[in-house]
Amino acid sequence: MGEQVEQRGVGRRRLLVGAAALTGTAAVAGSADPAYAGGLSWNPFGLGVASGDPLPDGVVLWTRLVRDPFDATSMGGRRVQVSWQVASDPSFRHVVRAGSVTARPTWAHSVHVDVRGLRPGRDYWYRFRAGRHLSDVGRTRTAPPAGSPASRLRFGIANCQDWQNGYYAAYRDMVGYDLDLVLHLGDYIYEYDPRAGAVRQHNPSSGTAAGADQLSTLADFRSRHALYRTDPQLQAVHRAFPFVAVWDDHETENDYADLDDEQDDLPYAQRYQAQQEFAIQRAHAYQAWYEHTPVRASYLPGSPNLRIYRRLDFGTLLRLNMLDTRQHRTDQPGDVPGNLGPQALGATNVTGTLTGPEQEAWLVDGLRSSPALWNVLGQQVMMAATRFVTPPPASTVNLDQWDGYSPQRARLLSAVRASGAPNPIVLAGDIHSTWVSDLKLNFDDAASPVVATEFVATSITSNFPAELVPIVEASNRAFNPWVRYFNGRTHGWLRMDVDRSRWLVEERSVAGVDSPDAPASTTARWVVEAGRPGAVPA
């Protein structure tokens, strides 16, 4: 993954050595790396700690060393040795794994440690040390034993956390629950420059003075990720739970598709040049995302490609297929401003794909072979058909969603049904509102069977346009009978409580985003019974 890692199990002698390393009385034994290990006059752990991608025997630990969080070069060009410990108790009396990792300037002094040798279904606590400085302590949890009939899984769904729109009171609420993990479905950062009148301001990009309105350089993207990571409630939720994260568009650029950026309505020659330039921007964005995310992935610095689709099993209770619907997709059909256009553009997009053929085949194979009771597609954009304003087939649809790629949606839902994988659930974010929908093989046929249930999570802070709420509500009543619930008025998160008999969803809504201490409440509850597709109010 780019960083040099030494890890080991801890016997009594090594436990004492490792504990000494974390308290400053000795160096971690066995490291031949000449990295600098001491003399830091500042605490470099200002961006906190995190864990992610839990397995039955392991988890990824993350931190990034900083001096000035908004200037990666302020750490200097030297490598820094970072020690780490994992314990079975929060006081670290029982250290079970320990080691060291080299933080390198190539990665903005971020580190990823893929710790193995842990016990399944257990809580662990972890921390880092650089020089004489200790990080905060984080708590993580491993997945249940492979193949075991796990009885319960509880997790949160988060997405779309525009810093400028407000504070992260939703994460303050989330930390109060006992969750096994958090799924983050994208838009962890936003790429826009400072906006007048915002609740709080983005830091400017390198092009702000020249009139640019978004991030473009590696330094820009690193600085913006660092800004978000300074938020105390975001740091707290990362300390509390392991994350399983994917990106959407705003980590790179709004509504991009593969190498086509937002401004894609260009003549061929100009478009080719724009794609080459955007590949550089995408490489910067992907590297910064990797540097700030506790993800199990391999990345080559400077590459515009990074595989993030992956699969995690939680015993035989749940299989989680995390998808990437940005990097491998074809361009949205029609070159329509804002990607709001006629339904026919998506219906005739027979060569369009959100996943690319390789990822689609990987997903279908995983469904066919799944041993799980619940089979989950965690991805970015809404899959349910949503028609607005006028009746179909003349409806307006969002062509950036699966409505812009309806032939692939129909093919995929048919494959989901044919796979025999029980109880398919689709999770999405992106649209800054909560939706509960039945997914049908043919949305235009009232008799078509329900194949799966989709839950779309509202945003942590990002706004759904208030003027569109009554239009969407009226359109759902008139044209979208498979949409069981819609709420575009509140921010928050979705709480999932899954057992072997049912999947329960709670919509947790905060009273506002203008205060980090805004209270939260449950505003809706829906349930899917195992073996019976479709959601009903709980």
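The values are calculated or read from the model by the stated rules, or taken from the named source; none is laboratory data. Keep in mind that what you see is a predicted model, and the values were worked out from it rather than measured. Note that we place each Cβ from the backbone using ideal geometry, even for glycine, and neighbour counts take in every protein chain shown. Only protein heavy atoms, including side chains, enter the accessible area calculation; ligands, DNA and RNA are left aside. Shrake-Rupley method; radii C 1.70, N 1.55, O 1.52, S 1.80 Å.
Worth a mention:
- Taking the longest Cα principal axis of the chain as reference, the axis of helix 469-479 is set at about 50 degrees.
- The residues of region 154-197 have, on average, 25 Å² of accessible surface per residue, using a 1.4 Å probe with all protein chains present.
- Label zone at R477, where the point sits 7 Å out along the Cα-to-Cβ direction: region 385-403 residues whose backbone N lies under 14 Å: 389
- Simple spin-label estimate for R532 and N442 in nanometres, 7 Å along Cα-Cβ: 2.7
- Heavy atoms of the protein chains alone define the surface here; on that basis region 310-437 has 30 Å² accessible area per residue at 1.4 Å probe size.
- Only the Cβ atoms of Lys and Arg (+1) and of Asp and Glu (-1) were treated as charged; on that basis the dipole of region 79-147 about its Cα centre amounts to roughly 120 debye.
- Helix axis angle, 12-23 relative to the chain longest principal axis, alpha carbon, degrees: 80
- Gained length - D365 relative to A511, 0.36 nm times residue gap less alpha-carbon distance: 48.3 nm
- Degrees between helix 268-291 axis and first principal axis of the chain (Cα, 0 to 90, nearest 10): 50
- A Cβ-based charge dipole, computed about the Cα centre of the chain with Lys and Arg at +1 and Asp and Glu at -1, lands at about 2700 debye.
- Amide H contacts of A150 (H built 1.01 Å from N, under 5 Å, at least 5 apart or other chain): T316, L317
- Placing a label point 7 Å from the Cα of A466 along the Cα-to-Cβ direction, the residues of region 155-195 whose backbone N falls under 17 Å of that point are 165-167.
- Relative contact order (percent, whole number), the chain, Cα cutoff 8 Å, 6+ residue spacing: 14
- Sequentially through region 505-513, phi angles give Karplus couplings (6.51, -1.76, 1.60; θ = phi - 60°) of 10, 10, 8, 9, 10, 8, 5, x, 10 Hz, Gly and Pro residues having no value and appearing as x.
- On the beta carbon distance between R502 and A269, with R0 = 56 Å, the FRET formula returns roughly 0.50.
- Taking the average, over residues, of other Cβ atoms within 10 Å as the packing measure, peptides 247-258, 158-169 rank 158-169, 247-258 from highest down.
- As a size descriptor, the averaged projected area of the C-alpha convex hull of region 98-182 was calculated at 8.6 nm².
- When the solvent-accessible area of the chain is split by element, carbon and sulfur atoms take up 53 percent of it, the probe being 1.4 Å.
- Most to least accessible of V96, V451 (protein chains only, probe 1.4 Å): V96, V451
- Remark: the chain projects, on average over all directions, an area of 24.2 nm² (convex hull of Cα atoms).
- Packing-based ranking of 507-514, 350-357 yields 507-514, 350-357, ordered from highest to lowest mean Cβ neighbour count within 10 Å.
- A simple packing score, the average count of other Cβ atoms within 10 Å per residue, orders the peptides 54-61, 473-480, 377-384 as 377-384, 54-61, 473-480, with the highest score first.
- Accessible-area value, Y192, 1.4 Å probe, nucleic acids and ligands omitted, Å²: 80
- Distance between modelled label sites at D71 and T523, nm, 7 Å Cα→Cβ extension: 4.2
- The H on the amide N of L40, modeled in the peptide plane, is under 5 Å from the matching H of R132, each at least 5 residues off or on a different chain.
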